[in-house]
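The values are calculated or read from the model by the stated rules, or taken from the named source; none is laboratory data. Keep in mind that this is a model prediction, so the values were computed, not measured. Counting neighbours? That spans all protein chains shown, and the Cβs are built from the backbone with ideal geometry, glycine included. Ligands, DNA and RNA are stripped out before the accessible areas are found, and what is left, the full protein with its side chains, is counted by its heavy atoms. Shrake-Rupley method; radii C 1.70, N 1.55, O 1.52, S 1.80 Å.
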Amino acid sequence: MTDDAAPTVLARPAGRLGWLTLNRPRAINALDLEMIRALHAALDGWEDDTDIEAVLIDGAGDRGLCAGGDVRDLAARITAGRPAEVALFFQEEYALNARIAEYPKPVIALADGITMGGGIGVAGHAAIRIVTETSRLAMPETRIGFTPDVGGSWLLARAPGRLGEFLALTGGTMDAGDAVYAGFADHCVPRAHLDALREAFERRADPETPTELVLLFDETPEPSRLAAARVWIDDAFAADTVPEIIERLRARDEDAAHAAADTLEELSPTALTVTLAAVRRARELPDLRAALAQEYGLVMWFAHTQPDLPEGVRAQLIDKDRSPRWQPATLAEIDPGLAASALAFVPDEPLRG
């Protein structure tokens, strides 16, 4: 069945399990508003169902759980001057992120394959987060002139050392070992064992808890590359500003540090400046909902005032010329008060839920 003919979210009971499958495999299960609402509805229906003891979320196809939100549609709405529609999408998506985190029954996420952006919002706040040897996790928003959201800033702010700044600014990709080390995942299960794991969740006789079941299939992932790179990452990304971070990276001997500097010099100066401030401020926030509120203000600031998001989507996803024309074009042109102004922005459409 094609993506167009099938429901975009499959929701069905499976034994003691409520099973949710994101079902847009051709789009790597990218989230749209219809899917977000379907996920809400399923969680509502199962919350008081005594036959359902846990919820499993996975993705159709073999490419990934979820490549993110439908940013092409988002950029089109911004360009068309429809910010209220942009606000509605984020309001409902962020309510879903918080719902998953606070759900009274264990939510289990299989972050197999590509799990990025909005996919992190679905998987990263689950009670049990499982990756595989094929997992590729990232918050790549700065690459389209945007900033990490869906509670990503909350996760990034709690990564060891300065990994949060590194991953947020560069949009770097984590494998299974990195994801567990950085706090984006809890367990690594080989892809070949996922069907057996799903069946175990359905039947769930002994052992008693979902976590105990996962441990029967859990295997130690390959050592984290991020852990091995902590020396130069912590040194460089502790600097106060993005230009100072780049300067420290250039002064390092490691090739990977120079590659990170090259990446930063290609990305939106506005997105980098705001993202650095957002991750650091998220370290001081009390909980996920506070981080989502901060992110909502920032994404609406981008939607209302900044040309870099639609331009980044154009360059990376539509025309694919990989030559975005950022405004301003260089870090030297950034107003010193830019990040504070962005963080102080109050949207006309308040965050609900």
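What to note about this one:
- Among (1) farther than 21 Å from R289 by Cα; (2) touching a strand residue (DSSP E or B) at 6+ places or on another chain (Cβ under 9 Å); (3) of a type outside the set (D, E); (4) in contact (Cβ under 8 Å) with a residue 60 or more places away in the chain, the one test that V9 misses: (4)
- The stretch 272-319, residues that are closer than 15 Å to A87 by Cα, β-branched (V, I, T) and over 19 Å from the mean Cα position of the chain (by Cα): T305
- Selection count, the stretch 39-85, where residues are charged (D, E, K, R), more than 24 Å from T147 (Cα to Cα), touching a residue at least 40 places away in the same chain (Cβ under 8 Å) and open to solvent by less than 70 Å² (accessible area, probe 1.4 Å): 3
- Cβ-Cβ contacts under 6 Å between residues 6 or more apart (or on different chains), taken from a first residue in the stretch 281-295 that is under 12 Å from R158 (Cβ atoms) to a second residue that is in a loop (DSSP other than H, G, I, E, B) and open to solvent by less than 20 Å² (accessible area, probe 1.4 Å), are listed as L288/G151; A291/G151.
- Leading residue by the ranking (most open to solvent (accessible area, probe 1.4 Å)) among those in the stretch 300-312 that are out of contact with any Pro (no Cβ under 9 Å at 6 or more places or on another chain) and assigned to a helix (DSSP H, G or I): T305
- Some residue of the stretch 228-237 being of a type in the set (D, E, K, R), open to solvent by less than 30 Å² (accessible area, probe 1.4 Å), under 25 Å from the mean Cα position of the chain (by Cα) and within 27 Å of F146 (Cβ to Cβ): no
- If you filter the stretch 146-165 down to residues that are under 15 Å from R230 (Cα atoms) and open to solvent by 30 Å² or more (accessible area, probe 1.4 Å), you find that the one that is farthest from the chain's Cα centre (by Cα) is G161.
- Residue in the stretch 269-276 that is surrounded by fewer than 22 Cβ atoms within 10 Å (Cβ to Cβ) and either hydrophobic (A, V, I, L, M, F, W, C) or in a loop (DSSP other than H, G, I, E, B) (or both) present: no
- Within the stretch 328-343, being assigned to a loop (DSSP other than H, G, I, E, B) and in contact (Cβ under 8 Å) with a residue 24 or more places away in the chain holds for P328, A329, T330, I334.
- Residues of the stretch 113-127 classified as open to solvent by 10 Å² or more (accessible area, probe 1.4 Å) and either hydroxyl-bearing (S, T, Y) or more than 14 Å from the chain's Cα centre (by Cα) (or both), total: 1
- Count of the stretch 240-273 residues which are aliphatic (A, V, I, L, M) and over 19 Å from L163 (Cβ atoms): 1
- Meets criteria (hydroxyl-bearing (S, T, Y) and part of a helix (DSSP H, G or I)) for T220: no
- Filter result for L213 (open to solvent by less than 60 Å² (accessible area, probe 1.4 Å) and out of contact with any Pro (no Cβ under 8 Å at 6 or more places or on another chain)): no
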